[in-house]
2 protein chains.
Amino acid sequence: MALAVKALFFDVFGTLVDWRTSIAREAQALLAPHGLTLDWPAFADAWRGEYQGAMEEVRSGRIAFCKLDVLHRRNLDITLQRFGVTGLGEDDKRNLNLAWHRLDAWPDVPGGLKRLKRRFLLAPVSNGNISLMVDLARRNDLPWDAILGAEIAGDYKPKPKVYLASAAAFDLAPDACMMVAAHSNDLAAAAAVGLRTAHVARPTEHGPGRGEAAPNVPVDFAAKSLEELAEKLGI
Amino acid sequence: MALAVKALFFDVFGTLVDWRTSIAREAQALLAPHGLTLDWPAFADAWRGEYQGAMEEVRSGRIAFCKLDVLHRRNLDITLQRFGVTGLGEDDKRNLNLAWHRLDAWPDVPGGLKRLKRRFLLAPVSNGNISLMVDLARRNDLPWDAILGAEIAGDYKPKPKVYLASAAAFDLAPDACMMVAAHSNDLAAAAAVGLRTAHVARPTEHGPGRGEAAPNVPVDFAAKSLEELAEKLGI
């Protein structure tokens, strides 16, 4: 089966990058100089906690598609208010919002992708916008063939359109593409429209013991790292 | 000025790849075994000659946007008929159409792009579709940050939308982007919507002495190769 797969599509937040540690670090770096002493991981969790609700506004058609950067900014304003942070200047808020462009990859990712690239076309199929994906790629040496996902589809995962538009961009049938993610709901949605699926465990995504250590849906492959996935795919 | 530019956008057919030699070679490789002895460069010229007219159908709104692969196939059928080639099977025609995915870069291109990537974000802003750009990148080692251009804009150059959608994908103002092309009309259209411009001479694009040895419109930079452009940009 693996031989019929031509392209690997990657979820990014959580699957390839450790958003929680990175956002906590960036928030502290930007807000501590203002005399703020927040629970930084809790701040990261709260900001991320607004993510699905904001995208649902787009998925439901209540608002037009906009880049994730725009939704992140709306969610930042909500989160700052919740943590009682006031009086932050526009430049600081804009800079803090771009913290999502400065996330660090899990350690196995750059080497794993390089190895997987020997056999497969590689693209992020993320809800993050193109410029965000490009900044993460530059920062973490992610060797993409193209940036696919939400922005080229004009909608957000897990809507079928995002997976299907990404396969179509590569001129591939859905079953010639494999979605790789640390989230069972993403994989279930990809499988529902015909993609192959691989789960990568990120058991600390939301903090120690708070992440998917294994898939809770049927998948074609399950691995603990991209290196292990490469091995299972015979590379 | 160069310091304000963050991204370089590249025209591809003619500017980065030698389509004429490559198409002539591919056509010969596929058609000679059928006993055909055509003037192969003339066949390449004729196929390419249908290019602007086909895109104008889209630009004018007479037909909906479709990938360049689809227009190339329409143009191939016209060209085969003109050269009196009949009886070719569907597989052969499909394979011949994909000759555009197997073009070779001019010799200065892989090294030049690698050098330019040290300072700038790099993307093709071509009329070629994403899958075609990805295949050319794999074949010629073109280190793109993202694949922008016609397919993400849903229209064809020189329509303003293609340049502006590409700048927007990188969150950049038009004047933070520089269009690099061997064609003055491409550069004039980019400049008209605010992009910076660089001309790269490809004097043999359409055969010996048949290519732009210099721009015929005002440009910010003019060079004989990407290596020379890198030098002029101080890299």
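Separation of the alpha carbons by more than 25 angstrom is noted, of A:Lys159/B:Lys93; A:Lys161/B:Lys114; A:Lys6/A:Lys224, for A:Lys159/B:Lys93; A:Lys161/B:Lys114. Note on B:Asp39 and B:Asp104: their simple-model spin labels are 2.3 nm apart, each label 7 Å out from Cα toward Cβ. Karplus-derived 3J(HN,Hα) values for the range A:54-65, using 6.51 cos²θ - 1.76 cosθ + 1.60 with θ = phi - 60°, are 5, 5, 5, 4, 6, 4, 7, x, 5, 10, 6, 4 Hz; glycine and proline are entered as x. Relative to its Kirkwood radius, the Cα radius of gyration of chain B gives an Rg/Rh of 0.97. Label-point spacing at A:Arg210 relative to the other copies reads 6.8 nm, in ascending order, each point sitting 7 Å out from Cα along Cα→Cβ.
Share of pairwise Cα-Cα distances greater than 17 Å in the range B:25-85 is 42 percent (whole percent). Per-residue shielding of A:125-132, expressed as the average number of other chain Cβ atoms within 10 Å of the residue Cβ, stands at 3. This model, with +1 at the C-beta of Lys and Arg and -1 at the C-beta of Asp and Glu, gives the range A:19-101 a dipole about its Cα centre of some 200 debye. Shown for A:Gln52: label points 7 Å from Cα along the beta-carbon vector, and their distances to the equivalent points in the other copies, 5.4 nm in ascending order.
Report the calculated FRET efficiency for A:Asn140 and B:Leu30 (r = Cβ-Cβ distance, R0 = 45 Å), to the nearest 0.05.
On the way: r = 41 Å, r/R0 = 0.92.
It comes out at approximately 0.65.
Helix-only arithmetic for chain A: the sum of -39500 (n - 2.57) across DSSP H runs with n ≥ 4, divided by the residue total, places the mean residue ellipticity at 222 nm at -13000 deg cm²/dmol. Projected label points at B:Arg118 and A:Lys161, each 7 Å from Cα along the beta carbon direction, are separated by 4.3 nanometres.
Let me know the mean shielding of B:90-96 by other chains, meaning the per-residue number of their Cβ atoms within 10 Å of its Cβ.
Working: counts 0, 0, 0, 0, 0, 0, 0.
Mean shielding by partner chains, rounded to a whole number: 0.
Tell me which of A:Ala190, A:Met178, A:Ile152 sits at the most positive position along the dipole axis of the range A:143-200, charges placed on C-beta atoms (Lys, Arg +1; Asp, Glu -1). Most positive-ward Cα: A:Ala190.
From the Cα gyration tensor of the range A:13-150, with a ≥ b ≥ c the square roots of its eigenvalues, which class applies: rounded if a/c is under 1.5, or else prolate if a/b is larger than b/c, or else oblate?
Values: a/c = 2.38, a/b = 1.46, b/c = 1.62.
Oblate, because a/c is 1.5 or more while a/b does not exceed b/c.
Each other copy places its own label point for A:Lys93 at 5.8 nm from this one, sorted shortest first, where the point lies 7 Å along the Cα-to-beta carbon line.
For the residues of B:111-124, the average number of beta carbons from a partner chain within 10 Å of their own beta carbon is 1. Under the simplified labelling scheme, the B:Asn216-A:Glu56 pair shows an inter-label distance of 6.0 nm, with each label point 7 Å from Cα along Cα→Cβ.
Residues whose amide H falls under 5 Å from that of B:Thr197, counting only those 5 or more places apart or on a different chain, are B:Met179, B:Asp220, B:Phe221, with hydrogens built in the peptide plane. Only one residue of B:Leu31, B:His101, B:Val58 has its Cα farthest out toward the positive end of the dipole of the range B:20-101, where Lys and Arg carry +1 and Asp and Glu -1 on Cβ, and that residue is B:Val58. Of interest is the spacing of the C-alpha centroids, which for the range A:38-56 and the range B:201-235 amounts to 50 Å. The GNM of chain B, with springs linking C-alpha atoms under 10 angstrom apart, assigns the highest mean-square fluctuation among B:Ala181, B:Ala29, B:Ala223 to B:Ala29. Applying a DSSP loop filter and a limit of 11 other Cβ atoms within 10 Å to the trypsin sites (Lys or Arg not before Pro) in the range A:28-109 leaves A:Arg62.
Every number here is computed from the coordinates shown, using simple stated rules; none is lab data. Computed from a predicted structure; not experimentally measured. Because the Cβ atoms are built from the backbone with ideal geometry, glycine has one as well, and the counts that use them run over all protein chains shown.
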